[in-house]
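Have a look at the structure below before the remarks.
Bear in mind these aren't lab numbers, they're just calculated from the coordinates by the rules spelled out. The structure presented is a predicted model; accordingly, all values stated were derived computationally and were not measured. So basically every Cβ, Gly included, is an ideal-geometry build from the backbone, and we count neighbours across all protein chains shown.
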Amino acid sequence: MATLTERLADCYSGVIYDVMRDMGLAAAVLPSDIRPLDPEVKIAGPVFTMRGRPDKTVDAHASLLAWTGFLSKAPSGHVVVCQPQDSVRALMGELSAETLKHRGVLGYLVDGGTRDVSFIKAIGFPVFCRYTTPIDIVASWIPEAFDEPVTIGNVVINPGDYILGDQDGTVVIPKDRAEEIISRAEAAISTENLVRAAILRGEDPQQAYLQYGKF
């Protein structure tokens, strides 16, 4: 039987948004300028959060010790979501992406920057970010909290919430409603397939909508 993460990965962000809207839930969509490095790659799974901050007093050794400590903490089968409170540095790079992928982490989303883009794309590790830059975190940034709620845009992301990101954008699913939302999304996709088949048979689009209640 497919896991909830595998089922979510077979969905797309638009149908999750539609389902949550129809359920009367808040539209938990992250800012549109957070984009995948590779548009063909998705992120999907439960969230492990990290929050950090710039720190001009930290030395190179302390900053790298704290960063590698984060890499050790990130749990397999999860997507890391980082709120760096920073708009200057890259909060992901080649060696870190290799490490997380090897440890079974499913992807990384940061409300900030990334570097080593070609290397990360080559290994197929899903990274979503706002911008790219060669500037790193050495002697300038430090993590301060793990597995606590973080806010990106106007969305509060709790540890254990589910996230789905694709080239359309990224949606956050509350952990206590994840099974229901994903099940409804799967049903909606099945109905969309019926509508598509009807259109391709030559049926009128309005009649197809009226028959299936979906478009």
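Here are a few things to note about the model shown:
- The lysine pair tally for the chain, using Cα distances under 27 Å and a gap of 8 or more places or different chains, is 12.
- Centroid-to-centroid separation of region 1-29 and region 138-198 [C-alpha atoms, Å]: 7 Å
- Using θ = phi - 60° in the Karplus curve 6.51 cos²θ - 1.76 cosθ + 1.60, the 3J(HN,Hα) couplings for region 155-168 round to 10, 8, 10, 9, x, x, 4, 9, 10, 10, x, 9, 6, 7 Hz; x is entered for Gly and Pro.
- FRET efficiency, A187 to A26 (Cβ-Cβ, R0 22 Å, nearest 0.05): 0.55
- Placing a label point 7 Å from the Cα of L200 along the Cα-to-Cβ line, the residues of region 1-37 whose backbone N sits under 20 Å from it are 10-12, 15.
- Applying both filters, DSSP loop and at most 12 other Cβ atoms within 10 Å, to the trypsin sites (Lys or Arg not before Pro) of region 114-215 gives R201.
- Label point distance in nm, R130-E6, each placed 7 Å from Cα along Cα→Cβ: 3.7 nm
- Amide hydrogen proximity for D161: with H placed 1.01 Å from N in the peptide plane, the residues at 5 or more positions away or on another chain lying under 5 Å are V47, K175.
- Sparsely packed loop sites in region 1-110 (the trypsin sites (Lys or Arg not before Pro) outside DSSP H, G, I, E and B with at most 15 other Cβ atoms within 10 Å) comprise K56, R103.
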